[in-house]
1. Residues being part of a helix (DSSP H, G or I) and not hydrophobic (A, V, I, L, M, F, W, C): count how many of those fall in the stretch 25-42.
2. How many of the residues in the stretch 4-21 are within 26 Å of residue 58 (Cα to Cα) and either among the aromatic types (Phe, Trp, Tyr) or open to solvent by 20 Å² or more (accessible area, probe 1.4 Å) (or both)?
3. Filter the stretch 54-80 down to the residues that are touching a residue at least 24 places away in the same chain (Cβ under 8 Å) and either assigned to a loop (DSSP other than H, G, I, E, B) or among the aliphatic types (A, V, I, L, M) (or both), then identify the one that is surrounded by the most Cβ atoms within 10 Å (Cβ to Cβ).
4. Scanning for something in contact with a Gly (Cβ under 7 Å, 6 or more places away or on another chain), closer than 28 Å to residue 412 by Cβ, open to solvent by less than 60 Å² (accessible area, probe 1.4 Å) and not β-branched (Val, Ile, Thr), does the stretch 26-36 turn up at least one residue?
5. Of the conditions (1) crowded, with 16+ Cβ neighbours inside 10 Å; (2) under 21 Å from the mean Cα position of the chain (by Cα), residue 364 satisfies every one except a single condition; which number is it?
6. I'm told residue 324 meets every condition in (1) touching a residue at least 12 places away in the same chain (Cβ under 8 Å); (2) open to solvent by less than 90 Å² (accessible area, probe 1.4 Å); (3) among the small types (Gly, Ala, Ser) except one. Can you identify the failing condition by its number?
7. Return the only residue of 340, 291, 313 being within 19 Å of the chain's Cα centre (by Cα), among the polar types (S, T, N, Q) and closer than 29 Å to residue 81 by Cβ.
8. Considering only the stretch 232-242, how many residues are within 19 Å of the chain's Cα centre (by Cα) and open to solvent by 30 Å² or more (accessible area, probe 1.4 Å)?
Amino acid sequence: MIELNGLLFFFLLLYAGQSAFNILVERLNLVYSLRHAGKAPAGFEGFIDDSGLARTAEYTREKTRVGIIEQIVSDIVQLVIVLSGFLPLLVRWSDGLGLSLIAAGLLFFFVPGAVHSLVEVPFSYYHTFVVEQRFGFNRSTLKLWAIDHIKTALITAVLFAVIFSLLLLFIQWSPRLWWLWGFVLLAAVQLVMAVLYPVVLAPLFNKFEPVRDEELSARIKTQLEKSGIRVKKIMQMDAGVRSRHTNAYFTGIGKTKQIVLFDTLIESHTPEEILAVLAHEAGHYRKKHVQKQLIIFSVISLAGFYATWLFIQWPLLFHTFGFSRPLPYVGLFLAGLFWQRAGFFLQPLYLALSRRFEREADIFAVNMLGSPDAMVGAMKRLAADNLSNLNPHPLYVWFHYSHPPVVERVAGLTSLGV
């Protein structure tokens, strides 16, 4: 039975506070965006007309509305699962079946996870086939959408089962140092995933082939080689079978390193704009932003594992939420609830660093190209094509944007050409 005490009240305050604050930020962003939606921002005059501004504002409105409703429903369902006594009942059921620690732990995580996934399905459907369809982005079929969800669920379940089972084994074998071995495991998984993602996981969802435009491919190779970057594979992805959104990215490490262009990007952008987008990505590579982010993430992860080890040794944690005895998988689940909510308020620190890296990559791209024009054109077209919010609230940027707002980026790029 749930125990009324200071820890429970702190949890409820943290849970409700994070949820309410995020909704407030979403609403502030929407009101701010709509207030400034009638006029094109500086630098965008003549590029986005009144109808484009209206569509962008409406797209922002619809995404915000659906996102807020989804968050409220998801938070309520999660809170009911945690406070209803269902989880202690699940533990007693596992005890009655005589399940091993690993089997009981997997069941304890998979059942709430399955409920949460089922709650998300109708929102995902609505976002894809109502919101995205209404604004001309969706190209997916119901069959493809369903297959994608099934594949994602299976892959996630298998990966989680393997990693979590190993973590529970570490807890059994080394109760005092499992947090260190858990960190090593996470780092190893990240490295393996970085290598395997381009050649194993990504092809399960999309088709990849060498860029058909041989002239464009040759120009990309020449441009990157001038920057000291050698990439053997320059691929295009059939993103257009699902969505009209555009993008490009570097992926993989070592022999699996490659450049991937969305086919929608190739269709809608000039070669110069594509080269500018890739010059920006090259900036991340040359400035070693990925390595720096991995180091920061590793430090945070190590601290998180250690804090979790300390936290789950606290008997009050288990008694508060109705558990009769400490169990490692229960402790990991409860600690995750606290870190998830608290982490939201620490998120701006990481995002501020990410935005700094994006500015550095922009500067590198301009220096590489010799002019900001192509990069500015690419940013404007990307914003117009994707109906990007041109007037986000500063607080929303602080909590949600890994990139500087597009208007700020365009202004910064333009100033480099002065």
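The values are calculated or read from the model by the stated rules, or taken from the named source; none is laboratory data. Since we're looking at a predicted model, the values are computed, not measured. Counting neighbours? That spans all protein chains shown, and the Cβs are built from the backbone with ideal geometry, glycine included. All accessible areas refer to the heavy atoms of the entire protein, side chains included, with ligands and DNA or RNA removed. Shrake-Rupley method; radii C 1.70, N 1.55, O 1.52, S 1.80 Å.
1. Looking only at the stretch 25-42, we keep the residues that are part of a helix (DSSP H, G or I), and these are 25-35.
Pick out the ones that are also not hydrophobic (A, V, I, L, M, F, W, C) and you get 26-27, 29, 32-33, 35.
Total satisfying the criteria: 6.
2. 2
3. Looking at residues that are touching a residue at least 24 places away in the same chain (Cβ under 8 Å) and either assigned to a loop (DSSP other than H, G, I, E, B) or among the aliphatic types (A, V, I, L, M) (or both), I get 57.
4. Yes - at least one qualifying residue is present in the stretch 26-36.
5. Of (1) crowded, with 16+ Cβ neighbours inside 10 Å; (2) under 21 Å from the mean Cα position of the chain (by Cα), only one is false for residue 364: (2).
6. That leaves (2) as the condition not met.
7. Matching residue, one of 340, 291, 313: 340.
8. 1
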